[in-house]
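Reading through the structure tokens given below for one structure.
Just so it is clear, none of the values below were taken in a lab; they were calculated from the coordinates. None of the values given here were measured: they were computed from a predicted structure. In this analysis, Cβ positions are derived from the backbone assuming ideal geometry, glycine residues included, and neighbour counts consider all displayed protein chains.
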Amino acid sequence: MRLSRSLSITSLNGLPLWEEESLPVQDLLLFEVSWEVTNKVGGIYTVIQTKAKITVDEWGENYIMMGPYYEHNFKTQVEKCEPPNQAIKAAMDSLINNGCQVHFGRWLIEGSPYVILFDIGSAAWNLDRWKGDLWNACSIGLPYHDREANDSLIFGSLVAWFFKELTDQLQDKPNVVAHFHEWQAGTGLVLSRSRKIPMATIFTTHATLLGRYLCAGNADFYNNLDKFNIDQEAGERQIYHRYCLERAAVHCAHVFTTVSQITAVEANHMLHRQPDVVTPNGLNVRKFSAMHEFQNLHSMNKGKIQEFVRGHFYGHLDFNLEKTLFFFIAGRYEFSNKGADLFLESLSRLNYLLRVHKSDVTVVVFFIMPAKTNNFNVESLKGQAVRKQLWDTAQSVKEKFGKKLYESLLRGEIPDMSKILDRDDFTIMKRAIYATQRHSLPPVTTHNMLDDSADPILSNIRRIGLFNARNDRVKIVFHPEFLSSTSPLLPMDYEEFVRGCHLGVFPSYYEPWGYTPGECTVMGIPSVTTNLSGFGCFMEEHVSEPSEYGIYIVDRRFRSADESCNQLTQFMFSFCQKSRRQRIIQRNRTERLSDLLDWRYLGRFYMYARHLALSRSFPGKFKMDHLNIAPTQGFRYPRPASVPPSPSASLHSTPHHSDEEDDDTYDEEEEAERDRQNIKAPFTLGAEPEGKSNQPLENGN
Amino acid sequence: MVLVYDEVRLVDVLDSGDAAHLAMMKRPDLGVTFTKLHCWTLTEYSKCVFMDADTLMSYLRGKSSLPHQIPAGLIASTLVCSSSVPPTRPMGNFSPPAQRMAALMASGDQGVLNSFFSNWATADISKHLPFIYNLSSIAIYTYLPAFKQYGHDAKVVHFLGKLKPWDYSYDTTSKTLKGQSQDSSDMHPNFMLQWWELFFSSVLPLMKEEYGDQPFHSGCTESDIHADVAQMHISHHPPPPQLSSQERKQKWEQGQADYMGMDSFENIEKKLDSFLK
């Protein structure tokens, strides 16, 4: 039951709202071009869809998104309408009159932005001519077999053609700003620039083509960044043309951005351009009107997971569910990029530590990574059936017992306890218990995996020997399918599941941003990330004691694999040692970070990028006046001169530096003060060049 | 050799005494391979990795725990090893009965090892080195698709067959191989060149020191400097036949862009800069 956010409840009072209206949006048109507008393929869809609202709030009718037209998407996600702007209509018409279909409408998402969708199929007859155009303009050719690249060329050619028509009509006012996402949209940028169309261009890469390939290929990526011959690497992997399109777009854009500091480092070497701005990915954070409602949801959903565990581990339920923690990892099945390899090794060490310390804590670890399966395995389904049967048995015995008790009380007698359960009841109960006999161990996976001997997760589980034995304090459940609320096994959708868990673990080796840990944080669930993940870098910059706020950052960049593994093990072990009260307080702190991930804060980086692009493309008209950009500081309230910058003696800035009793208290005012000291926005907006320290802006106070 | 290695141990050349049998297989050199079995006597070490004389280790990519680049067994009489590369524990004496039994095996040491460690293939999969650690350079001997996929990851390259890298001669200026013409079933020149580059940069200087003034056959040749200086400056590589723009475009469309040459991104960037100004 969610209500829209009420402004009075802000966790982070310290972050300044972006007050300046720096751009004259009424004299501008903003276009955002991506292959994933109304067309979900990957994560970029989530980025642009969640960002739409604040962009529309700023730009109103002057914001239009552009993407490919697919009939199914159009019917389900778009409401057709006429373009309100005459120039746009005329530009669309000139394409339509030349045989290419173009559609206009409102995308039915929050913000309801306008969209222009280009029908690739209808324009495909131009492909040869446009291939020639591309070749003549930049000496890049496209192989016949790469459908996606050819589609991208058609899309880009249509977009560039549209912009030519549009700017021809508009002349100098309003000016056009166009923001292109990823190489699939980048062709439009390159062609537009080659025709010297007067517009400001921004290109954002969410991950580099080569980066992902090289990491997945087990290269010691981050330590050899400057040693790769990137032309050769791309050529050998048959993606040279895509790589050229990506690099061309990066080269031609007025402003180049990436989604995190770590991706900026990657882009510098893989694309040979240092990003001008880092534009992190945000979310639309919805706050509840009841302040700690999310804690209740945690409790409720945890109960559902416990029900699943009761069934899955029937016959082996010799551990206390009240002292059981639920950890999970989720995402695409990229074994080393997502850090599943490190996680498994770490879990085996954690198991050892817990056993050696004779801990009574049990950890059940869920792996939610879709793989090829042949439906649920019988053991898992049987487990849930047995559990249900036990519940029904208990209920029916309870009914009988309850009736007898009632009758007896009505007669005014206390029943004879030795006779209240008769022999039949005992037989039923004994039979039920007999059904819970189980000679095999609870399975480590919930499905029948295809090709399970080659599966990396299963192979590693075999290697480390964690098979849910009674003595193991770490139990594993590999669920190789997306969660669904209609599943017979675990009827929860992803969000409910995350809320019910205690800790999300994402020790990624390659993660340009990381929506998974971000979503956890927004729901108040602590998570483990790395300093190779965009999200991890972001948190490192913004929060001075991230562990206290439930963000554990494993160092995978400057340490060996073994050391990183030990660090991860240590994080998990210390988490296991927290009391329930301490976990509750930590979740409160984690949830306070959600404002940092809201588009309301992160949108400013996009605004800066647009302003910068305009100042570079129309230098006479738009100036980049640094004084106009609000200083990116975390302090709304100026500190009185007498108070020293370091934390005052009576108030610990680190919540952890306190005795046992302090940890058990949670005071809203104190927390807000700690937030102001611990959470800051970095001074620089752009990407930091490697090796240099932060330079504050001149007017930073 | 002592300069490069920490310990050098001479080994008696064992002979299987079965020259007739082996000669029939046209591989008389296999008799010498029994010498490899002596490696099991290296009991003062806890782990050994056997590298054939004709293997090349490259650790250009990947987190390698093996030692750095050395062309193992560069000089003919060094360590020999089994034709598959198992890291094993040395075991002490190899008894004479085993040797006699071995003499009966036509396939040289491979046969002995296989029968001795007959459960090796199945017992513990972790004892097998992954494919990339034992990559044979001859196409027919390898599983070519795997080579294509993992080739760039190769950590050890094993030059099987009669023609070894040192059978060719190496031209140091143009960095090409010369010598017997290669038949089509033959090695990948990439790895050959790598072997030679390494030999030239790391080993040859040491050999030169050793030999001092005595001339020796190094296998390297330098092009005649005097005659071709002018030409050398103009074109380091012989220029490919000039393709028309249309032809180059077609090459791209067949997925054969010349990414190391004409179509390198540097050139594309220049084209882009021409309209960005």
Angle in degrees between helix A:340-356 and the longest Cα principal axis of chain A, rounded to the nearest 10: 30 degrees
Region A:31-66 and region A:226-275: distance between their alpha carbon centers, rounded to Å: 24 Å
Prolate/oblate/rounded call for region A:25-278, Cα gyration tensor, a/c under 1.5 rounded: prolate
Distant-in-sequence amide H partners of A:Phe478 (H built 1.01 Å from N, under 5 Å): A:Phe367, A:Thr445, A:Thr446
Whole-Å semi-axes of the ellipsoid equivalent to region A:334-400 (Cα gyration tensor, √5λ, descending): 34, 22, 8
Size descriptor, Kirkwood hydrodynamic radius, that averages inverse alpha-carbon separations across region A:260-379, Å: 18.8 Å
Stokes-Einstein D (µm²/s) once Rh is taken as the Kirkwood radius of chain A over alpha-carbon pairs, at 37 °C in 0.692 mPa s: 117 µm²/s
Theoretical gain in end-to-end length, A:Asn320 to A:Asn218 [0.36 nm per residue, Cα-Cα removed]: 32.7 nm
Size of electric dipole in region A:25-278: Cβ of Lys, Arg +1 and of Asp, Glu -1, about Cα centre, debye, nearest 20: 200 debye
Rounded tilt (10° steps) of A:86-96 against the dominant C-alpha axis of chain A: 90 degrees
Unit charges on C-beta of K, R, D, E only; dipole of region A:215-351, Debye: 500 debye
Partner chain coverage, peptide A:245-257 - average Cβ within 10 angstrom: 2
Loop chymotrypsin sites (Phe, Trp or Tyr not before Pro), region A:472-573, which have at most 12 other Cβ atoms in a 10 Å radius of their Cβ (DSSP): A:Phe482, A:Phe558
Region A:175-265: trypsin sites (Lys or Arg not before Pro) falling in loop per DSSP and having at most 12 other Cβ within 10 Å: A:Lys196
Residue exposure sequence - A:His502, A:His269, A:His439 - by fewest surrounding Cβ within 10 Å: A:His439, A:His269, A:His502
Förster-model FRET efficiency, 41 Å R0, A:Lys89 and A:Phe482, C-beta, rounded to 0.05: 0.50
Virtual spin-label span in nm between A:Asn97 and A:Asp226, 7 Å along Cα→Cβ: 5.7 nm
Count of lysine pairs in region A:25-278 with Cα separation under 20 Å (8 or more residues apart, or interchain): 13
Shielding by partners - mean other protein chain Cβ count within 10 Å, residues of B:260-271: 5
Within chain A, longest stretch free of exposed GluC sites (Glu not before Pro) [DSSP loop, at most 14 other beta carbons within 10 Å]: A:111-412
Debye, to nearest 20: dipole size of chain A, +1 on Lys, Arg Cβ, -1 on Asp, Glu Cβ: 1420 debye
Average other protein chain Cβ within 10 Å of Cβ, residues A:130-142: 5
Angle in degrees between helix A:668-678 and the longest Cα principal axis of chain A, rounded to the nearest 10: 50 degrees
Projected-area average for region A:222-328 over all orientations - Cα convex hull basis, square nanometres: 13.2 nm²
Helix-derived mean residue ellipticity, 222 nm - over chain A, DSSP H n ≥ 4, -39500 (n - 2.57), to 500: -14000 deg cm²/dmol
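Please give the FRET efficiency for A:Met624 paired with A:Lys40, using the beta carbon to beta carbon distance and R0 = 41 Å, rounded to the nearest 0.05.
E between A:Met624 and A:Lys40, to the nearest 0.05, is 0.70.
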Global geometry of region A:312-362, whether rounded, prolate or oblate, following the gyration tensor of its Cα atoms and the 1.5 cut on a/c: oblate
For region A:106-120, Karplus couplings with θ = phi - 60° (6.51, -1.76, 1.60), whole Hz, Gly/Pro x: 10, 7, 7, 10, 4, x, 6, x, 6, 9, 10, 10, 9, 7, 4
